[in-house]
Amino acid sequence: QVQLVESGGGLVQAGGSLRLSCAASGRTFTSYTMGWFRQAPGKEREFVAATRWSAGSTYYADYTDSVKGRFTITRGNANTVYLRMNSLKPEDTAIYYCAAGYRFAKLMDSYEYWGQGTQVTVSS
């Protein structure tokens, strides 16, 4: 059974930081893109960041414009991905989901495995 489990969410004041973790199990995700999406109440789920291994030990990374310079996605190994969130804003409040997919993409339907999410709440 493939499973992705997020952790690290919580309540933080604006300007603070959080580090989200995603641990995947059930298969090897070496060739997969690992990404983060978020969804606020009443809003559609949106792309946040993604990373995929390139040749050697380097990897590509991409971010949605609203988090560039504040969030950093890193990959510890084939089955672990992190999202470091700095300078958090109330607009970042959402459930954050870890996802894995074959393609390097920003669309939800490009990812076939999903975690259950972790709540991030940023207060003013």
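Points worth noting:
- Selection status of Y96, at pLDDT 95 or above, open to solvent by less than 10 Å² (accessible area, probe 1.4 Å) and either part of a strand (DSSP E or B) or under 17 Å from T121 (Cβ atoms) (or both): yes
- Hits in segment 85-124 - residues which are under 15 Å from F47 (Cβ atoms), touching a residue at least 40 places away in the same chain (Cβ under 8 Å) and charged (D, E, K, R): D92, R103, K106
- Tally, over segment 99-124, of residues that are in a strand (DSSP E or B), under 17 Å from S7 (Cβ atoms) and open to solvent by less than 30 Å² (accessible area, probe 1.4 Å): 4
- Just so you know, in segment 75-84 the residues that are in contact (Cβ under 8 Å) with a residue 40 or more places away in the chain and open to solvent by 50 Å² or more (accessible area, probe 1.4 Å) include one that is nearest to F104 (Cα to Cα), and it is Y82.
- Where a residue in segment 27-47 is among the hydrophobic types (A, V, I, L, M, F, W, C) and its partner, wherever it lies, is open to solvent by 60 Å² or more (accessible area, probe 1.4 Å) and assigned to a strand (DSSP E or B), with Cβ under 8 Å and at least six apart: F37/E46
- Members of segment 60-69 that are open to solvent by 20 Å² or more (accessible area, probe 1.4 Å) and more than 10 Å from M34 (Cα to Cα): Y60, D62, Y63, T64, D65, S66, K68, G69
- Test: T72 is without any contact (Cβ under 8 Å) to a residue 40 or more places away in the chain and open to solvent by less than 20 Å² (accessible area, probe 1.4 Å): no
- Leading residue by the ranking (surrounded by the fewest Cβ atoms within 10 Å (Cβ to Cβ)) among those in segment 1-56 that are assigned to a strand (DSSP E or B) and of a type in the set (V, I, T): V5
The values are calculated or read from the model by the stated rules, or taken from the named source; none is laboratory data. The shown structure was predicted, so the numbers you read here are calculated from the model rather than taken from an experiment. Methodologically, a virtual Cβ is constructed for each residue, glycine included, from the backbone with ideal geometry; neighbour enumeration extends over all protein chains shown. Remember, those area values only see protein heavy atoms, side chains included, never the ligands or the DNA or RNA. Shrake-Rupley method; radii C 1.70, N 1.55, O 1.52, S 1.80 Å.
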